[in-house]
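Q: Right, I'll just put the structure down here and ask away after.
The values are calculated or read from the model by the stated rules, or taken from the named source; none is laboratory data. Every value quoted in this text rests on a predicted model; they were computed, and no experiment measured them. Positions of Cβ are backbone-derived with ideal geometry, glycine not excepted, and every protein chain shown enters the neighbour counts. Only protein heavy atoms, including side chains, enter the accessible area calculation; ligands, DNA and RNA are left aside. Shrake-Rupley method; radii C 1.70, N 1.55, O 1.52, S 1.80 Å.
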Amino acid sequence: MSNDFRIVVLLSGRGSNFKSLLEAAQHYKIVRVISNNADAGGLAIATDAGIPTRVVSRQAHPTLAAQKAEILRVAASAAPDLVVLAGFMQIIAPDFLAEFPRRVINIHPALLPKFAGLDTHARAISAGETEHGCTVHLVDSGIDTGETIAQATVPVAPDDTAETLGARVLVREHALFPWVVTTIARGDIALGTTPVTFSAAAREGAKARGFRLPPSR
Ligand code: GRF
């Protein structure tokens, strides 16, 4: 099985989505993990798996611009086919997006365009939503505003707390993200077109797993 599709992962925290990508890595190879947080749990997961890591923290750089330039340099030097944000808690600079046009994706714990930003589970409960979930989307210069690639839904139970709902969503994140990345690596999701296009196999695969794709246009 070919795994010469190169992925760089950016993360800031525990790294459970990164772990799910690692466990599913048959059609792609995670070649580098970059974190802006030296204490991110995802770094230990990468090291245990033999994946090179780099910490590029704000504190170690004189300015935010210098840190962002270093993140770009470290990512570009790994020559990725795709950059995957897996819990990366920093806004991506425009020059980073220019370096990797339509090749940076993120997972967000809500059904975008609903609940961009933080505290998505508590906000979904407060809003009385009966359905919630997660979205994999292209990254653009806004916060969680890029084109949606795929979504997975969960029901909201009447007695849910942000924690119980978040745990239910996270299970679906761990299924959705590896499926999307695998399907991109196999060429069944084409990010380069606007809008993103899906092969018949991708549409069938999504349907079988209960994932939502944008309607074909
Ligand atoms: C996930 O909820 C993801 O949707 C959001 O950040 C969180 C990262 O969690 N973007 P983890 O580090 O992957 O466990």
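Q: Amide H neighbours of ILE149 under 5 Å, counting only residues 5+ apart in sequence or on other chains, H built in-plane at 1.01 Å?
A: HN-HN under 5 Å from ILE149: VAL136, HIS137, LEU138.
Q: A follow-up question, please. Carbon and sulfur atoms: what percent of the 1.4 Å accessible area of the chain do they account for?
A: Result for the chain: 55 percent of the exposed heavy-atom area is carbon or sulfur.
Q: Let me ask something else. Could you order ASP119, ASP188, ASP95 so the one with the most accessible surface comes first? Probe is 1.4 Å.
A: Final ranking, largest accessible area leading: ASP119, ASP95, ASP188.
Q: By how many nm would the segment from LYS207 to ASP140 grow when fully extended, if each residue of separation counts as 0.36 nm and the alpha-carbon distance is taken off?
A: 21.4 nm
Q: Right, another one. Using bins 10 angstrom wide from zero, how does P(r) for segment 1-137 break down, in % of all Cα pairs?
A: With 10 Å bins starting at 0, P(r) equals 12, 40, 34, 13, 2.
Q: Hydropathy at least 0.0 by Kyte-Doolittle, axial extent at least 27 angstrom from the Cα trace: which helices of the chain, defined as entire DSSP H runs, fit?
A: Within the chain the helices that satisfy the rule are 162-185.
Q: Pop the C-beta distance of ALA157 and ALA190 into the FRET formula with R0 = 35 Å and round what comes out to the nearest 0.05.
A: That gives a FRET efficiency of 0.40.
Q: Test of understanding: what is the full-extension gain from ARG58 to ASP39, defined as 0.36 nm times their sequence separation minus their Cα-Cα distance?
A: 5.5 nm
Q: If each DSSP helix of 4+ residues adds -39,500 (n - 2.57) and the sum is divided by the residues in the chain, what number results at 222 nm, nearest 500 deg cm²/dmol?
A: -10500 deg cm²/dmol
Q: What number comes out for accessible area per residue over the chain if the probe is 1.4 Å? Units Å², please.
A: That works out to 47 Å² for each residue.
Q: Please check which bits of segment 110-142 a label hung off ALA175 would reach, taking the label as a point 7 Å along Cα-to-C-beta and the cut-off as backbone N under 20 Å.
A: Within reach of a label on ALA175: 110-112, 121, 130-137.
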